[in-house]
1. Over what distance in Å are the Cα centres of segment 234-274 and segment 322-357 separated?
2. What does the charge count near Leu226 come to, summing +1 for each Lys or Arg and -1 for each Asp or Glu among other residues with Cβ under 11 Å from its Cβ?
3. Show which lysines lie in cross-link reach of Lys124 when reach means a straight Cα distance below 23 angstrom and same-chain residues fewer than eight apart are skipped.
4. Share of Cα-Cα pairs in the chain beyond 33 Å, in percent?
5. Provide Cys77, Cys222 in ascending order of the number of other Cβ atoms located within 10 Å of each residue's Cβ, fewest first.
6. Once you keep just the Cα pairs under 8 angstrom separated by 6 or more residues, what percentage relative contact order results for segment 162-223?
7. Please arrange Ile326, Ile209 by counting, for each residue, the other beta carbons lying within 10 Å of its beta carbon, fewest first.
8. So, in Å, what gap is there between the alpha-carbon centers of segment 57-114 and segment 277-321?
Amino acid sequence: MSRPDDRPLKRLPQLEARKSELERCVFCPKLCRTACPVSNAEPRETLTPWGKMSMAYFVANESVALAPSFADPAWACTGCFGCREHCDHKNDVAGTLFDARSALVESGTAPASAKRVIERFSEKSAVLGKSAAELSVMPEVDESAPTALLLGCAYARSAPEESRDAVRATAQLVGGKVSLVKVCCGAPLLHAGDKKGFLQQGEMLAQAIKHKELLVVIDAGCASTLRVHHASNGVDMTVPVEHFAECAARELGRMKRVPGLGDGPVRYHDACQLGRGLGVYEQPRALLSLALGRAPEEFDRRRADARCSGAGGLLPVTMPDVSKTIAKARVDEHEANGGGTVVTACASSLRTFRKQGAKAVDLVTVVARALGVGSKGDG
């Protein structure tokens, strides 16, 4: 027997396939509320996972108006998977809210900031091609190489030295040259709400690497986008996709301790997309332990319970002040535990931590130095 209030999601029919995920949250007593970095930074009921999913559900089934006040909460999510880890049902809140964003964009109800991201995507994503052209002079780069390397737009845009370390280190790890991927994974489109464009971008990337043997991805967000979001939408990358940490962890025997790296506290930050997104927790710690000669320091909240840096899901664009508050809380925790250096495997987190005044180093630089080919990466 159906519920008396059960009705189809007529206004946003794209969400009918997500009805069960939406209802799990709508009828839940909000047990994951403390896991959301956004509602922790701005304590409003609407910004809890329950509130965001409820707003999408009620807009879809015509219980409330199709208006910005009910649509905007769908963009108040970093996609960190924190609520999923605290949910007995492992409910896919992030994936559902990304679908809600797409449905709301199609309906014409989306934040202006998200619309701008979609409109400027081609211009912004061209940075990968420009970066590849600049890096193509490196001796480790060859277009015909069987290993493709995807840096990610954030590395190409704001981490040039880390990008060079990525090229040198990956070439060392695979024992040959690498071919640089010039096509964006499409994550900005997913986060902004252009699902059609996102899937088209995935197909373009799959075509670009179809003759390769392996795709190594530097940015945790890009790796999760390919292996979680594209995969769940049926986009086949045609070749194995590995995050850099997974590739490097198989070659621990070729690395050495990095002089000076462990002179002070070195704390590892679990990037949401690498940890909760891909389940990669041990490999980065093994790499850091070898480079330091000891285990790295840890945050109070770590591994599956790690706090988000506030840099994902388009939050720095749609809710910049909240994003900064989340980042500051993570850096404050770092300082309260003795400070030192933060190591992460996410370009967005790296940039965010540095903006907050933390000394931050990327894992790719640590590995490059352990292999004897990297920069100092002082942050």
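Just so you know, all these numbers are worked out from the coordinates, no wet-lab data involved. Only a predicted model underlies this, so the values are computations on that prediction, with no experimental measurement involved. In this analysis, Cβ positions are derived from the backbone assuming ideal geometry, glycine residues included, and neighbour counts consider all displayed protein chains.
1. For segment 234-274 versus segment 322-357, the Cα centre distance is 19 Å.
2. Taking every Cβ under 11 Å from that of Leu226, the sum is -2.
3. Within reach: Lys115, Lys182, Lys195, Lys196, Lys324, Lys355.
4. 29
5. Ordered by Cβ neighbours within 10 Å, fewest first: Cys222, Cys77.
6. So the answer I get is 29 percent.
7. Ile209, Ile326
8. A separation of 25 Å, based on Cα centres.
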